[in-house]
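Have a look at the structure that comes next, please.
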Amino acid sequence: MPGSDLAVDVAGRWKGADRAVLLAHGAGADRNAKTLVSVAEALAVAGVPSLRFDYPYRSAGRKSPDRPVVLDTATRSAAAELARRSKLPPERLVLGGRSMGGRYCSMVVADESEPVAALGVLLLGYPLHPAGKPDRARVEHLGRLDLPALFVSGTRDALAGRADLTSAVKKVPGAVTLHWLESADHGFRPLKSSGRTSDDVLDEVARVTTEWVTALR
């Protein structure tokens, strides 16, 4: 059974849904990351079911991410599991997540030899480059993302500066929505001086994501 070996959590009702969302976690988190849970709960209220999953290294209790081939395979398995549970065709599924997870979703969708079909790609804190290595931009596959894409990033994200990310998304041939979280860093934490709390930012992420997902046609 596709994806049956993955640790997953679901939110929302499958029956009657015309779309569903895959939420993949970042490198230092798991499927219960606050951002993913907040987004899943907001989507469920809007009538959109979602599935969160753990990559193998997290299920095994390890902190270091799996090799790229393992992350790729797990992302594909999770997408297949979402399709199985929702009983929707791949073209009705939004694939995405936080940082590394969102990046791998975008990579399997844009794969040159075996692309995974999707309704759209959700990128919450896209890691444009590794920490401290701005010269290693992860943009090779962006030119093959011929579908709607939502990028939600903090204005203080050290892994994706505002000017650099704004320039990079121009490579995407699909319809791009770029939403900036004022004063937030890569972990979506705002400056205290902004007067905003982390919960305020998560509420914004959940709202923006839900509005975008439900508007897709």
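The values are calculated or read from the model by the stated rules, or taken from the named source; none is laboratory data. Computed from a predicted model, the values in this text were never measured in an experiment. Here the Cβ positions follow ideal geometry from the backbone for every residue, glycine too, while neighbour counts run over all protein chains shown.
Report whether or not residue 20 is touching a residue at least 60 places away in the same chain (Cβ under 8 Å) and in contact with a Phe, Trp or Tyr (Cβ under 7 Å, 6 or more places away or on another chain).
No, not satisfied.
What is the number of the single condition among (1) over 19 Å from residue 210 (Cα atoms); (2) surrounded by fewer than 18 Cβ atoms within 10 Å (Cβ to Cβ) that residue 13 does not meet?
Status for residue 13: all satisfied but (1).
Residues that are modelled with pLDDT of 95 or more, buried (at least 21 other Cβ atoms within 10 Å of the Cβ) and aliphatic (A, V, I, L, M): does region 51-58 have at least one?
Scanning region 51-58, I find at least one residue that is modelled with pLDDT of 95 or more, buried (at least 21 other Cβ atoms within 10 Å of the Cβ) and aliphatic (A, V, I, L, M), so the answer is yes.
Select from region 206-216 the residues that are assigned to a helix (DSSP H, G or I) and out of contact with any Ser or Thr (no Cβ under 7 Å at 6 or more places or on another chain) and write down the one among them that is surrounded by the fewest Cβ atoms within 10 Å (Cβ to Cβ).
Applying the filter and picking the extreme gives 215.
Related question: Among the residues of region 16-40, what is the count of those that are within 14 Å of residue 214 (Cα to Cα) and in a helix (DSSP H, G or I)?
Count: 2.
Spot the failing condition for residue 203; the list is (1) surrounded by fewer than 19 Cβ atoms within 10 Å (Cβ to Cβ); (2) free of Cβ contacts under 8 Å to residues at least 60 places away in the same chain, and only one is missed.
It is condition (2) that residue 203 fails.
Sort through 188, 151 and tell me the only one that's more than 29 Å from residue 113 (Cα to Cα), surrounded by 16 or more Cβ atoms within 10 Å (Cβ to Cβ), modelled with pLDDT of 95 or more and aromatic (Phe, Trp, Tyr). Break it down stepwise before answering.
On the way: 151 fails: more than 29 Å from residue 113 (Cα to Cα).
None of the other options fit; the residue is 188.
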